[in-house]
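**Student:** Below you'll find the structure I mean.
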Amino acid sequence: MSMTDFPLGHALAIQRWSTSLAVEALKKSYFAKFIGKGNKSMIIQKDELHKGKGEKVTVGLRMKLNRPGVEGDNVIEGHADGEEAMHFFDDYLFIDQLRKSTKSKGKMSEQRVPYNIRANGRDALADWWAETMDENMFSYLSGARGVDTSFKVPIGWTGRANNTLQAPDAAHQIYAGDATSSADLDAADQLALIDVERLMAIAKTLDPMIQPLKYKGQSKFILLMHVFQAFHLRTSTTTNDWLDITKSVQRGKSALMYKDSLGEYAGVILHSHRNVIQFDDYGAGANVDAARALFLGAQAGMIAYGKDGGKNRYSWNEEKDDRGNALAITAGTIFGTKKCRYDGADFGVISVDANNDSPA
């Protein structure tokens, strides 16, 4: 009797598992909620390479016209204030392939445990890809790898796919407390609400100005800090003040930018995450723990995928090794990510270096 069969490694099964992997990885990624295709998104997804060849996306920025114009019937031709050239700056993003594999020891090993190696392999790879994407984004937005030993890439990593980590420029970096550099940051220079006020003032007066994210027509920014910095901020704030800050969460705002947030202060939505970039060599003695909190607006970073960069952006390959005894699963994707930077300056992010002593 003839039967329809979809054996291991069938093309349709591969596509289904590739799509499933993409969905699961997206669910588990912290930065996924901030990725969008418009210029108002914090992380812009560039789709130019989805349907074509190439390894590089170029992004342009048009600067504002600044001259005052010509009054009355004064001749505009040749007048410096009337005729003004437009100025454009560009940034670029490279993509490259990255792959990860998991493999069973063999059929007898699989026989001993009640696990579906294929399904567990999908979940393990989804975790790996979500964490890898987030670690990449934290490093690129911060312009540093830091010293966190839990990251997958080694300490000293400088980027991938020809996208080099770029340290913040002076106009887009501040220090908490009374510190003015990494060398004079000490235990007292902890993140505080006054730093949030400083960041808002800086963001509104930079040229070009950092563009806000939008929620119901209102301008919002994100402050993403390390969990230790969040502890310092909460314990240095009075109880009633912190209750006011958390009201935005308690009211159940549904926008993704509020998901898992600590609250809101002065139009800044407060977030914390363990992967915020950490340092251990600040202070006069190069022995003070610090972390780089990120004040984020629109177009802080960008990400691009290669061909078929939609739900099937991940490849899924299954094969039998050791003459059919061991199942090997490999998942890969072609992508690149970096922060947006024009004319040598960061665009949508201000770095905030502050003390990061453990509360333990």
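**Student:** May I ask you to sort 31, 335 by Cβ crowding, counting other Cβ atoms within 10 Å and putting the fewest first?
**Tutor:** In order of increasing Cβ crowding within 10 Å: 31, 335.
**Student:** For the chain, set up a GNM with springs between Cα atoms under 10 Å and report which of 267, 217, 38 has the largest fluctuation.
**Tutor:** Answer for the Gaussian network model of the chain: 217.
**Student:** Which trypsin sites (Lys or Arg not before Pro) in segment 149-202 pass both tests, a DSSP loop state and at most 14 other beta-carbon atoms within 10 Å?
**Tutor:** Hits after loop and neighbour filter: 152.
**Student:** How do the peptides 144-150, 291-297 rank, highest first, by the average count of neighbouring beta carbon atoms within 10 Å per residue?
**Tutor:** Going by the mean number of other Cβ atoms within 10 Å, highest first, we get 291-297, 144-150.
**Student:** Moving on to the next point. On a full-extension model of 0.36 nm per residue, what is the gain between residue 315 and residue 287, subtracting their alpha-carbon distance, rounded to one decimal in nm?
**Tutor:** Extra length available between residue 315 and residue 287 comes to 5.7 nm.
**Student:** Counting only pairs 8 or more places apart or on different chains, how many lysine pairs in segment 228-360 have C-alpha atoms closer than 25 Å?
**Tutor:** Number of lysine pairs found: 8.
**Student:** Efficiency by 1/(1 + (r/R0)^6): what FRET value for residue 103 and residue 153, r their Cβ-Cβ distance, R0 = 25 Å, to the nearest 0.05?
**Tutor:** Between residue 103 and residue 153 the formula returns 0.70.
**Student:** Only Cα pairs within less than 10 Å get springs; with that Gaussian network setup on the chain, which residue of 67, 99, 274 has the largest fluctuation?
**Tutor:** Among 67, 99, 274, the largest mean-square fluctuation in the Gaussian network model of the chain belongs to 67.
**Student:** Relative to the longest principal axis of the C-alpha atoms of the chain, give the angle of the C-alpha long axis of helix 11-28, reported between 0 and 90° and rounded to the nearest 10°.
**Tutor:** Taking Cα atoms only, the helix is inclined about 40 degrees.
**Student:** Using only DSSP helix segments of four residues or longer, with each worth -39500 (n - 2.57), what per-residue ellipticity at 222 nm results for the chain after dividing by its residue count and rounding to 500?
**Tutor:** Roughly -7500 deg cm²/dmol at 222 nm, from the helical runs in the chain.
**Student:** Further question: Can you compute the charge dipole magnitude of segment 231-311 about its Cα centre, using +1 on each Lys and Arg Cβ and -1 on each Asp and Glu Cβ, nothing else charged? Give it in debye, rounded to the nearest 20.
**Tutor:** The dipole magnitude comes to about 440 debye.
**Student:** On to the next question. Pick out which of 244, 96, 289 has the largest mean-square fluctuation in a Gaussian network model of the chain, springs linking Cα atoms closer than 10 Å.
**Tutor:** Maximum among the listed residues: 244.
**Student:** Quote the FRET efficiency, to the nearest 0.05, computed for residue 40 versus residue 328 with a Förster distance R0 of 56 Å and r equal to the Cβ-Cβ distance.
**Tutor:** According to the calculation, E is roughly 0.85.
**Student:** Something else now. FRET efficiency for residue 124 and residue 55, Cβ-Cβ distance as r, R0 = 30 Å, nearest 0.05?
**Tutor:** Step by step, r from the Cβ atoms, then E = 0.55.
**Student:** In the set (i) 91, 61, 44; (ii) 63, 41, 40; (iii) 61, 44, 43, which value of Cα extents along the principal axes in Å was calculated from the structure you see?
**Tutor:** (i)
**Student:** What distance in nm lies between label points placed 7 Å from Cα along the C-beta direction at residue 198 and residue 74?
**Tutor:** Result: 4.2 nm between the two label points.
**Student:** Can I ask one more? Report the rotationally averaged projected area of segment 219-338 based on its alpha-carbon convex hull, in square nanometres.
**Tutor:** Taking a quarter of the hull surface, the average projection is 13.4 nm².
**Student:** Please identify the chymotrypsin sites (Phe, Trp or Tyr not before Pro) of segment 155-248 that satisfy two criteria: DSSP loop assignment and at most 16 other Cβ atoms within 10 Å. Which are they?
**Tutor:** Hits after loop and neighbour filter: 157.
**Student:** May I have the extent of the alpha carbons of segment 298-360 along their three principal axes, as whole Å values ordered from largest to smallest?
**Tutor:** Principal-axis extents of segment 298-360 (Cα, largest first): 55, 42, 20 Å.
Computed from the coordinates by the stated procedures, all read-outs in this text should not be read as laboratory data. All values derive from a computational prediction rather than experimental measurement. As a convention, Cβ positions derive from the backbone with ideal geometry for all residues, glycine included, and neighbour counts pool all protein chains shown.
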